[in-house]
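In what follows, a single structure is set out as structure tokens and then discussed.
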Amino acid sequence: MKHIKTLNKANLKKSAAKGGCGECQASCQSACKTSCTVANQKCEHAK
Amino acid sequence: MIHQYQLNGYNIVLDVNSGGVHVVDDITYEMIQMLTPPLRGACPKDVADRLSEKYTKQEIAEAYHDVYTLYENDILFSDDEYEQFSDMMVSSPVKAMCLHVAHDCNLRCSYCFASTGDFGEGRKLLDAETGKKAIDFLLVQSKDRRNLELDFFGGEPLMNFGVVKEIVAYARSKEKEYHKNFRFTITTNGMLLNDPVIDYINQEMSNVVLSIDGRKEVNDRVRVRCDGSGSYDSIVPKYQRLVEKRGQDQYYVRGTFTKYNLDFAKDVMHLHELGFDQVSVEPVVSDPKLPYALTEADLPRIFEEYETLARQLIEKRKKGEGFNFFHFMLDLDQGPCAIKRLRGCGCGNEYVAVTPDGDIYPCHQFVGMEEWKMGSVLDNTFDLKKKSYFAKANIYGKEGCKDCWAKFYCSGGCNANNLQYAGDVLRPHKLSCELEKKRLECAIMMKAAMADES
């Protein structure tokens, strides 16, 4: 593509179909404890 | 839903529903601003006419072709198809616990949300029997979840290190019988670290959070001992030793920035210069009347500082000297699934806090607010009505989140901050929203900059 560079291959919608297993880390257990951030967590199945 | 912005010379377009991130040239950036879905095979005449003042017919046709290709691939102007998952936003097993082993502390940090360690409830330590009952609670309430997280928290948990060890041993002894895998973490101010403690932490804790705010003068202004003297000189060598002996990246040195150090990028860099490569420095959240509080008037300065930090990190990474800054960490391909992003932090539903008295609260930040107490591990009471309330505290239940471009990244913000500073769990704390959005814009821009290199 001449005009656009897409940075990622994954589509968030597809992750919903098999998602929600609940085995990944609770976000507040990683480092934050005061400022909720969820998107920087890892998927348990991607480790 | 689209979010587009320009930062550090990049034109960035985020397709919110698919998570697609696109770096585009000027004509495409302007074109996307003018388009409204659904799109058709040819560029709408009014859009083409407006663009023709600056661009040729051929340029417009080519740019539209690229835009339309992404649209057809469902990564630009993609539909919101998440409503169908709303029935998954229900009460879930409890899988994570913040265990307050010490409502006491050997520091007197002026910004402490725990009222210098005792959460306003008097100084006390958790006894081993209550701790074991908390483990029993987690073993039962986690139902079919296998991975359980337990964070030893305080106050300062190392003031009750013997009990920490007893609880870890007890939990480990139950893993096989209950088919569970415990992941322990500990959050410490470092004052009581020594070689045996460091070795124990490195062996048993899957993550360790080491509190320090950055430069000596910044840290020692706020993180002081009972006699008012600073903690920096005592903790830095201990942290360095722990990290050196640990030999892996599952740890954080974690600081807080306040109005006193709006130049916090210097603190992040300082922590890296001390030899740490997993760094988190986060904004203080407090009553806006307090002298160190961040307020809306500080936002332009903080935004500028986040941009400075992002540029410095890009430079470092390009030289192969990169390190992790927690709030800029973003994996565009393998981050958490959309369901997790919709659910949010899990406070009061998947995650609870337990005090030295055995009381259960939605999370560590709610501890001491009697009206939010959910039960006790001593008599196995657990308020399922409150639990269901928190299960609904997701982005569909919170004011404004559904229509926010950042919803799949912040997931509705911190429930406790919302309650304390915006008056309601379901009303996002606007200052935190603004900071989160800026950090995300920086994190995505950094991806663009690094992709430019490759």
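The values are calculated or read from the model by the stated rules, or taken from the named source; none is laboratory data. Every value quoted in this text rests on a predicted model; they were computed, and no experiment measured them. Ideal geometry is used to build each Cβ from the backbone, glycine not excepted, and the neighbour counts take in all protein chains shown. These area figures cover heavy atoms from the full protein model, side chains too; ligands, DNA and RNA do not enter into them. Shrake-Rupley method; radii C 1.70, N 1.55, O 1.52, S 1.80 Å.
I'd like to verify a number: residues in the range B:128-173 that are within 11 Å of chain A (Cβ to nearest Cβ) and of a type in the set (A, V, I, L, M), how many?
2
Can we say B:Arg254 is open to solvent by 10 Å² or more (accessible area, probe 1.4 Å), within 14 Å of chain A (Cβ to nearest Cβ), among the basic types (Lys, Arg) and in contact with a Phe, Trp or Tyr (Cβ under 9 Å, 6 or more places away or on another chain)?
yes
Mind listing whichever residues of the range B:15-26 are more than 7 Å from every other protein chain (Cβ to nearest Cβ) and open to solvent by 10 Å² or more (accessible area, probe 1.4 Å)?
Of everything in the range B:15-26, just one residue is more than 7 Å from every other protein chain (Cβ to nearest Cβ) and open to solvent by 10 Å² or more (accessible area, probe 1.4 Å), namely B:Asp26.
So, in the range B:161-181, of the ones that are over 29 Å from the mean Cα position of the chain (by Cα) and surrounded by 14 or more Cβ atoms within 10 Å (Cβ to Cβ), which residue ends up farthest from B:Leu150 (Cα to Cα)?
Restricting to residues being over 29 Å from the mean Cα position of the chain (by Cα) and surrounded by 14 or more Cβ atoms within 10 Å (Cβ to Cβ), the top hit is B:Tyr178.
What are the residues in the range B:357-380 that are assigned to a loop (DSSP other than H, G, I, E, B), open to solvent by 10 Å² or more (accessible area, probe 1.4 Å) and not aliphatic (A, V, I, L, M), if any?
Selection gives B:Asp357, B:Gly368, B:Lys373, B:Asp379, B:Asn380.
Determine, yes or no, whether B:Glu434 is under 30 Å from B:Tyr10 (Cβ atoms) and in contact (Cβ under 8 Å) with a residue 60 or more places away in the chain.
Yes: the conditions hold for B:Glu434.
Find the residue count for the range B:61-84, including only residues that are in contact with a helix residue (DSSP H, G or I) (Cβ under 8 Å, 6 or more places away or on another chain), part of a helix (DSSP H, G or I) and facing chain A (nearest Cβ under 7 Å).
Qualifying residue count for the region: 2.
Which of the residues belonging to the range B:40-60 are within 14 Å of another protein chain (Cβ to nearest Cβ) and either in contact with a Gly (Cβ under 8 Å, 6 or more places away or on another chain) or of a type in the set (A, V, I, L, M) (or both)?
B:Leu51, B:Ile60, listed by residue number.
Pull up the range B:419-454, narrow it to residues that are part of a helix (DSSP H, G or I) and touching a Gly at 6+ places or on another chain (Cβ under 8 Å), then point me to the one that is surrounded by the most Cβ atoms within 10 Å (Cβ to Cβ).
Only one residue tops the list, namely B:Glu436.
Taking the range B:132-147, which residues are under 17 Å from A:Cys24 (Cα atoms) and surrounded by fewer than 24 Cβ atoms within 10 Å (Cβ to Cβ)?
B:Leu139, B:Gln141, B:Ser142, B:Lys143, B:Asp144, B:Arg145, B:Arg146, B:Asn147, listed by residue number.
Only one of B:Asp383, B:Asp298 is farther than 22 Å from B:Ser280 by Cα, among the acidic types (Asp, Glu) and open to solvent by 10 Å² or more (accessible area, probe 1.4 Å); which?
After applying the criteria, what remains is B:Asp383.
Going through the range B:185-227 one residue at a time, which ones are more than 29 Å from B:Met97 (Cβ to Cβ), touching a residue at least 60 places away in the same chain (Cβ under 8 Å) and open to solvent by less than 60 Å² (accessible area, probe 1.4 Å)?
Residues satisfying the conditions are B:Gly214, B:Val224.
Per-residue answers, yes or no, for (1) at pLDDT 95 or above; (2) more than 30 Å from A:Lys13 (Cβ to Cβ); (3) crowded, with 18+ Cβ neighbours inside 10 Å:
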position: B:Pro37; (1), (2), (3): yes, no, no
position: B:Ser52; (1), (2), (3): yes, yes, no
position: B:Glu72; (1), (2), (3): yes, no, no
position: B:Tyr82; (1), (2), (3): no, no, yes
position: B:Val101; (1), (2), (3): yes, yes, yes
position: B:Ser110; (1), (2), (3): no, yes, no
position: B:Gly122; (1), (2), (3): no, yes, no
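Take B:Glu304 and tell me if it is more than 13 Å from every other protein chain (Cβ to nearest Cβ) and not in a helix (DSSP H, G or I).
Here the answer is no, as B:Glu304 does not meet what is asked.
Limited to the range B:1-14, what total is found for residues that are open to solvent by less than 50 Å² (accessible area, probe 1.4 Å) and touching a helix residue (DSSP H, G or I) at 6+ places or on another chain (Cβ under 8 Å)?
Matching residues across the range B:1-14 total 9.
Going through the range A:20-47 one residue at a time, which ones are open to solvent by 20 Å² or more (accessible area, probe 1.4 Å) and either modelled with pLDDT of 80 or more or not small (Gly, Ala, Ser) (or both)?
Scanning the range A:20-47 gives A:Cys21, A:Glu23, A:Gln25, A:Thr34, A:Lys42, A:Cys43, A:Glu44, A:His45, A:Lys47.
Filtering the range B:325-354 down to residues that are more than 16 Å from the chain's Cα centre (by Cα) and small (Gly, Ala, Ser), which residue is nearest to the other protein chains (Cβ to nearest Cβ)?
Filtering the range B:325-354 for residues that are more than 16 Å from the chain's Cα centre (by Cα) and small (Gly, Ala, Ser), the one nearest to the other protein chains (Cβ to nearest Cβ) comes out as B:Ala338.
Just to be sure, is B:Cys112 more than 10 Å from every other protein chain (Cβ to nearest Cβ) and within 26 Å of the chain's Cα centre (by Cα)?
In short, yes.
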